[in-house]
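Each remark here refers to the structure printed beneath this line.
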Amino acid sequence: MVFNFFFRTLLIALVLFVSYNLPAQDQHTILIEEQAEILLSDFFRNTEKEHALRFFYKEEWIENIRLTVANETNLSDLLSNILPQYGLGVVNYKNNWIIINRSATGTTDDENPLDEHVDYVVGEYKRNPTGEPVELSGHVRDGETGEILMGVQVATNDRKNGVISDLRGYYAFMLPTGKHIINVEYLGYESKELLFDLRSSGTVNLELFKKTVQLKEVTISATADDNNVKGIEAGKEVFSVESIKALPTFLGEVDPVKTITSLPGVSAVGEGTAGFNVRGGEAGQNLLMQDGVLLFSTSHLFGLVSTFNPDMVRDVLLYKGGGPANYGGRVSSVLNVNLRNGNDSKYKVHGGLGLISSRIILEGPIIKNRTSFIAGGRVSYVNWLLRKVNNSDLNQSSAAFHDVNVKVNHVINKSNIINVSAYSTTDQFKFASDTVYNWKSNGAAINWNHIYNKKLLSTFQFSGSKYFNDVFIEEGINQFEYSSSISTLNAKLDFNYEYSVNNRIDFGLHSLVYLFEPGKLTPGQSNLNTEPENLDSERSVESAVYVSNELSLTPSLSLVYGGRYSMYTLYGGTTYTYNDDAPKSVDSIVDTLKYGNSESVQTYDGIEPRLSLRFLINSKNSLKLSYYRTIQYVHLLSNTTAISPLDFWKSSGLNIRPATGDQVTIGYFRNMLDNTFEVSLEGYYKEVENVVDYKDGTTILLNDKLEADLLQGFGRSYGIEFLLRKNKGLLTGWFAYTYSRSERLFKSSEYKENEINRGNYFPANYDTPHNLSLVLNYKISRRFGISGNFTYSTGRPITVPVSKFNYEGIPAVLNFSERNQFRIPDYHRLDLSITLKSGFKKQKSIDGEWVFSVYNIYGRKNPYSVFFTQRGTAYKLSVLGSVFPSLTYNFKI
Amino acid sequence: MRLIIFILVGGILGSCIELVSFDTSSEPSRLVVEATITNISFNDRLSMPVMPEYFTVKLSGTSKVSNERDEPVTGADVTLLDDLNNSWTFEDHDNSGDYVLYDPDFKVVPERVYKLKITTKEGKIYESTEERMMVADPISPLQSKFIEKEVVKDIAGEDQPVLVHGVEGRIPVPENTGEEKFYRWTYEASWEVQADLLAVGAPNKRCWITNQSYFKDYAIIRSISGGYVQPLFFLELSANSRVKHEFSVLVTQYSLGKGAFEFWRKIKVQREQGGGSIFDPPPFEIPSNIFNTSNPDEKTSGYFIVAGESVTRWFIKPIDFPFNITFDDPCAPIPGAPNIPPAVCNNCLDYQSGYTSITNLKPFWWY
């Protein structure tokens, strides 16, 4: 006999109330005769008939429960013995026997899940008659591609029990029997809240779907809806590739780096330039990685196009600060672009046709469900476009790039997975039959993941990379070739130990070998004016051990803390010692020291503590604090504001010390209206000791005594970042505003020559106090969306001529201001894009979309650089100073 | 499609350049001191292939970058001092800001240390740092090397590379026996012009022209060991009417101290950069060795230079060329046009193509 649920709930409440308040109950004894293997539901029906009483229960609670009555027994005792092992209880009031579900009533405070549809019934009660806790396990996959998903959180609603899926997408954890709401969350995917009825140990394979594929609306956030508030690590940002693709693009080229510059605290170095600045840090202070492999360049065409192939990217992770202790080596930020694994069950082709480049991706199984591959390539055809134009300069120019990425993933067995990946990117740029700039980046990595047991797993990565650039003039009396390169070899062994869902320990060992070949100049045969030159290469080894613990002390207080001990040694090469009684300069060199390749020149080491703490005020509000120390042993020297292929890396050594960055942050995070809106306000203060700058008029390239012209000083930056983000609904997007300052101080009590700007604070090249960005996506229909993006920032500081004088017939010798005392015009730009997708049928042969983008819609002539004529007249050069429409077609087969 | 390509390519590589301005009005005018003294006196110069000149200190104020001319600083007391307390006074007779030392025998001697002292009419006192002449070997005769070179020329409004014949003037750098040396070389061009329509021997048939800015550049080196040949200037010969008769270059070698070398080096770097390339180094301050005695932080411009000077004169004429060069005849009638030859064809003093000085009296040092 089943009543409607509402009525029964009311009744249960009433009965519970009464039974609690009226302990004197009708306790007359009902004796039950012997019965063998009877279904509990049948037993209830029979007993109702025989004893004129009534049972109240929900049919599915007692499904499949069987009982045997061995001897004649009192009904009350019988039920009290049998029901608890199924998570049930009984309350008796007069002739009404009410069955209650104890495990479910205990799980939530405000809503009772029992009225909901049970998604999965796991096991059978009879297999677990004693009611011991049982194991729930299974695999998690992408429901669309079949790709296994690693790192998916499978946990109870209250997060007291749960686990992260491992490298095989496998999860397993213990739970009491009964009903549980299980949350399945993974970045970029639609989270699931599932009701499990656990009866005995069992397996449930789960599927998640990418948000944009399944959802009615576009969702910006890549992480769990409430990650803003509940995430422990301050300054961590994760973008799924879907959210990166939702932004308007320049010429249809999706660029993860451009996307992160729309976040508060991150700014672009300049229009159409590579590199970005995080919280007042230099572009060379960002740790750039693809799948954990170190990169030195992330752009094609001097920064116009990113080197990351968007169809291969799974997500982009950015730490605004040193990040947890497993990262090190750069003081400002960590950017890791994760590539996805290939589909291990079916073959797929994706691609895109754009105005300046096209790309194609192939993926599929090599051995089904065991070995998969994904390979992608892009090629540009700017040259073809250049020849179409009736201009001799452009006809003689060339700009070409291509890149290739391959990744093979192989599941050896339950506990071992191996993957191998490689990339190669090439750029060539030539303007009007003049100098040719070539730069290449190659790298390969092998990863071995090993699972020791359910709690401990390790990842071993061995990778190597070479970044090479080459500048030459092919013919004529100026013929020359200049080349330089950076090679790395990197070994990393990382362990993750999950003591419990609230206590995780990461530890590991890293070792990185750098080989800088700073420059080699070879003049051509007819070039007699130039002497060949080859600077000594620099070899160094940077090693580190770290341990990091993520711990939830109480449900509201969680922290990630740890430390990294790093050590660095420079080997070989030529170095100089300087007279201590004079400012460091070429003239104060007193000795030249030559070291053999394996001879250690100088060693530095240091401890880098990291702490990030989150205090949950309630489920909608949290406070986060963090402190990071990071040591950077290699320095990027650039005498230009923009990152260029000619940038020069310098090892720390006898005369150049490593830079040390300390950053503290405090932030308030709030989510509103069921996580539809999130707001955050974060403040930071950062100091960097031993930032490197150069003396006035220093030549950086091919300067074998460069260190004599370098100064080390102090950098500080501080700022406030505000973010308002709307994550759900037809209209999504965010508004970010940052006020920040970044300043440098080069002061010397001994020598005026070692000072910049007379020992006063001056703005760093990338100090832009006001930064604002507004990103909006509006989903007009399931197939049709429109996106807009507006950015504004204060103009960068610049040094300008303030006066001029005639001297010995030279009409104008310019006097410049002190460094960075003026600003170039402010930067602002609006972009729009419209996306039209093909229908949403799940089974279709081609899934295509058209993207129409307009970059710089009102044609703002933002300055790329400002330069001065010999007479001091200032001009601004706008590289992208007009409207750029583009049309791209993307497809998946 | 063509429209899109055009926008695209024009946008990326055609880019655009616009004027911008910065408000530098709060920048005060600085004192500019242009002063070089050497070991060659006025009287020494009389017997050398140069125009005799007294030593001059030029004082002016810096101007805004948009201004053409600097304002001269007049009414100042300019005194040269040495470490034996000798003093010499520079005088500005014509209120031009050019202060002249009318002492025909004054010259720098290597043993002494010199200092320049300036007292402006407002009573501000400026002093230079103490400077000493760096002794170096005298300049060697210039060597010629005839070469073909690609130069960029404006042809029909577009810069295009053109292969031209020319001669490179090269100087052997003296070998150092002791410490490193700092050299600067300047080159002053002179050439002969003839009024082609006049008979040989007619007055104003032949003139001699000097143009100090014909070569816009100067050379500067830091010589660690010396003993090699340094290219100085390139004189284009193809279709260059100035080399039609006889051409001469006066090369002056200055042996400088380190500070003066840096001053000239930085000016050279400043003049060679620019153009908005992403590879341009950022700008920097040109150093000065003049300080306000009561306010050392006050910025000044220019440099008081004490140098060892040495000159050589070099000549070249078409007969020396290892290749044939044809010159246009500006005085020949143009077929179909009225025959109005340029004035210089009848009077060499009517030369119009730019000079610092012109004379119809053959200089004594000319061939």
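The values are calculated or read from the model by the stated rules, or taken from the named source; none is laboratory data. It should be emphasised that the depicted structure is a prediction, and the values quoted were computed from it without experimental measurement. No Cβ is skipped: glycine too gets one built from the backbone with ideal geometry, and neighbour counts run over all protein chains shown. When the accessible area is computed, the model is the full protein with side chains, heavy atoms only, and any ligands, DNA or RNA have been set aside. Shrake-Rupley method; radii C 1.70, N 1.55, O 1.52, S 1.80 Å.
Within 25 Å of the chain's Cα centre (by Cα), in the same structural domain as A:Leu723 (by TED's automatic domain parsing), touching a residue at least 40 places away in the same chain (Cβ under 8 Å) and farther than 23 Å from A:Lys876 by Cα, is that true of A:Ser773? Spell out how you get there, then give the answer.
Values: within 25 Å of the chain's Cα centre (by Cα): yes; in the same structural domain as A:Leu723 (by TED's automatic domain parsing): yes; touching a residue at least 40 places away in the same chain (Cβ under 8 Å): yes; farther than 23 Å from A:Lys876 by Cα: yes.
Yes: the conditions hold for A:Ser773.
Give the residue, chosen from A:Tyr437, A:Tyr467, that is modelled with pLDDT under 85 and either outside the structural domain of A:Asp344 (by TED's automatic domain parsing) or in a strand (DSSP E or B) (or both).
Among A:Tyr437, A:Tyr467, only A:Tyr437 is modelled with pLDDT under 85 and either outside the structural domain of A:Asp344 (by TED's automatic domain parsing) or in a strand (DSSP E or B) (or both).
For the range A:684-697: of the residues being open to solvent by less than 20 Å² (accessible area, probe 1.4 Å) and over 12 Å from A:Ser332 (Cβ atoms), which is nearest to the other protein chains (Cβ to nearest Cβ)?
It comes out as A:Gly697.
So, in the range A:317-351, how many residues would count as being part of a strand (DSSP E or B) and under 24 Å from the mean Cα position of the chain (by Cα)?
12
List the number of the failed condition for B:Glu262; all other conditions in (1) more than 24 Å from B:Pro52 (Cβ to Cβ); (2) assigned by TED's automatic domain parsing to the domain that holds B:Gly354; (3) of a type in the set (Asp, Glu) hold.
Exception for B:Glu262: condition (2).
Name, by its number, the condition in (1) without any contact (Cβ under 8 Å) to a residue 60 or more places away in the chain; (2) charged (D, E, K, R); (3) touching a Gly at 6+ places or on another chain (Cβ under 9 Å) that does not hold for B:Lys181.
Failing condition for B:Lys181: (1).
Of everything in the range A:685-735 that's of a type in the set (Phe, Trp, Tyr) and more than 21 Å from A:Glu237 (Cα to Cα), which residue is modelled with the highest pLDDT?
Narrowing the range A:685-735 to residues of a type in the set (Phe, Trp, Tyr): A:685, A:694, A:714, A:718, A:722, A:734-735.
Remaining after also requiring more than 21 Å from A:Glu237 (Cα to Cα): A:694, A:714.
Numbers: A:Tyr694: 82, A:Phe714: 95.
Looking at residues that are of a type in the set (Phe, Trp, Tyr) and more than 21 Å from A:Glu237 (Cα to Cα), I get A:Phe714.
Just one of (1) more than 14 Å from chain A (Cβ to nearest Cβ); (2) within 30 Å of B:Asn85 (Cβ to Cβ); (3) open to solvent by 20 Å² or more (accessible area, probe 1.4 Å) trips up B:Pro172, so point out which.
Failed condition: (2).
Hey, can you tell me all the residues within the range B:93-119 that are touching a residue at least 12 places away in the same chain (Cβ under 8 Å), open to solvent by 30 Å² or more (accessible area, probe 1.4 Å) and either more than 25 Å from the chain's Cα centre (by Cα) or within 27 Å of B:Ser47 (Cα to Cα) (or both)?
Across the range B:93-119, the qualifying residues are B:Asp98, B:Tyr102, B:Asp103, B:Pro104, B:Asp105, B:Lys107, B:Val109, B:Pro110, B:Arg112, B:Lys117, B:Thr119.
Considering the range A:614-636 alone, what residues qualify as being more than 30 Å from A:Gly284 (Cα to Cα) and surrounded by fewer than 19 Cβ atoms within 10 Å (Cβ to Cβ)?
Of everything in the range A:614-636, those that are more than 30 Å from A:Gly284 (Cα to Cα) and surrounded by fewer than 19 Cβ atoms within 10 Å (Cβ to Cβ) turn out to be A:Phe615, A:Ile617, A:Asn618, A:Ser619, A:Lys620, A:Asn621, A:Leu623.
How many of the residues in the range A:868-887 are within 7 Å of another protein chain (Cβ to nearest Cβ), aliphatic (A, V, I, L, M) and either in a loop (DSSP other than H, G, I, E, B) or closer than 20 Å to A:Glu253 by Cα (or both)?
Of the residues in that region, 2 qualify.
Kindly indicate whether A:Thr307 is within 18 Å of A:Glu242 (Cα to Cα) and buried (at least 22 other Cβ atoms within 10 Å of the Cβ).
Yes: the conditions hold for A:Thr307.
How many residues are open to solvent by 40 Å² or more (accessible area, probe 1.4 Å) and at pLDDT below 60 when one looks only at the range A:195-212?
Here the count works out to 0.
Please state which of the following conditions A:Ser372 fails to meet, knowing it meets all the rest: (1) among the hydroxyl-bearing types (Ser, Thr, Tyr); (2) surrounded by fewer than 20 Cβ atoms within 10 Å (Cβ to Cβ); (3) at pLDDT 85 or above.
Looking at each condition in turn, A:Ser372 falls short on (2).
Restricting to the range A:798-810, and then to whatever is open to solvent by less than 10 Å² (accessible area, probe 1.4 Å) and assigned to a strand (DSSP E or B), can you tell me which residue is nearest to A:Ser838 (Cα to Cα)?
Taking the candidates together, the pick is A:Pro801.
I need a count of the residues in the range A:268-285 that are surrounded by fewer than 24 Cβ atoms within 10 Å (Cβ to Cβ) and of a type in the set (S, T, N, Q).
Of the residues in that region, 1 qualify.
Please indicate, with yes or no, whether at least one residue in the range A:235-243 is in a loop (DSSP other than H, G, I, E, B), β-branched (Val, Ile, Thr) and open to solvent by 10 Å² or more (accessible area, probe 1.4 Å).
Looking for residues that are in a loop (DSSP other than H, G, I, E, B), β-branched (Val, Ile, Thr) and open to solvent by 10 Å² or more (accessible area, probe 1.4 Å), one finds none in the range A:235-243, hence no.
Tally the residues that are open to solvent by 40 Å² or more (accessible area, probe 1.4 Å), of a type in the set (A, V, I, L, M, F, W, C) and within 14 Å of another protein chain (Cβ to nearest Cβ), restricting the search to the range A:811-842.
The number of residues fulfilling the criteria is 1.
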